[in-house]
Amino acid sequence: MANHGETKKSGIGTAGLVLGIIGICTSFIPVINNISFFLGILAVIFGIIAFVKQDSKGKTIITIIIGILAIVITLSAQKTLSDSLNEAIDTFNNEMDAMSGNKTEEILANNVDVNIGDFQATKGQYGMTDTKLKVNVKNKSSEAKSFSIQIEAVDSNGSRINQDTIYANNLNAGQSQDFEIFTYVSSDKLDEMKNATFKIVEVSMY
């Protein structure tokens, strides 16, 4: 008949084994695996105590191994989740920057070609002057994208004369589209526009 001390030793080892098994089973579950980490630690501690008290060596070694596995799996699962969250956050921030125009130079370098033609002003009907600036936009990325491109006209001193925006929606990879902007220019700015320099101010991508 087992005495009280042997029962206590066996109870510590069994408790550690149970805690370790629970720790492993829950180590893959986000948030809950915070508890799994401590269950693994307790399993290792109980296993060591049972081993020192000369409980069944086979069971105590298994308890310690299971406890260590619960700890390792929990830390690995949490790292994987943390890396995934950080990657998702970085992707979101990059997309927000692209949409807000904060990555204009990067977008022009990697995602879109914008070719600005010559400003044209011709006499139209009823003494009106027809104006336009032809711009070709090409999506050079590997997937469909939409672009918002702000272009301004500046004089020789760099002062802004006028500005207009191109909205190139759903351009497929490698697809290009022609646009005409500055199709209405007030008469008081017409001469300045004929001698203006046109430049890209901001590009948004979404």
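The values are calculated or read from the model by the stated rules, or taken from the named source; none is laboratory data. Just so it is clear, the model here is predicted, and its values are computed rather than measured. When we count neighbours, we look across all protein chains shown, and the Cβ atoms used for this are built from the backbone with ideal geometry, even at glycine.
Figures for the structure shown
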quantity: Subset of the range 80-132 (residues that are assigned to a helix (DSSP H, G or I), in contact (Cβ under 8 Å) with a residue 40 or more places away in the chain and of a type in the set (S, T, N, Q)); calculated: S100, T104
quantity: Lone qualifier among V135, V185 - being crowded, with 18+ Cβ neighbours inside 10 Å and in a loop (DSSP other than H, G, I, E, B); calculated: V185
quantity: Failed item, numbered, when T80 is tested on (1) modelled with pLDDT under 90; (2) under 30 Å from Y206 (Cα atoms); calculated: (1)
quantity: Criterion (aliphatic (A, V, I, L, M) and assigned to a strand (DSSP E or B)) met by exactly one of A153, A70; calculated: A153
quantity: Some residue of the range 173-193 being among the β-branched types (V, I, T) and in contact with a Leu (Cβ under 7 Å, 6 or more places away or on another chain); calculated: yes
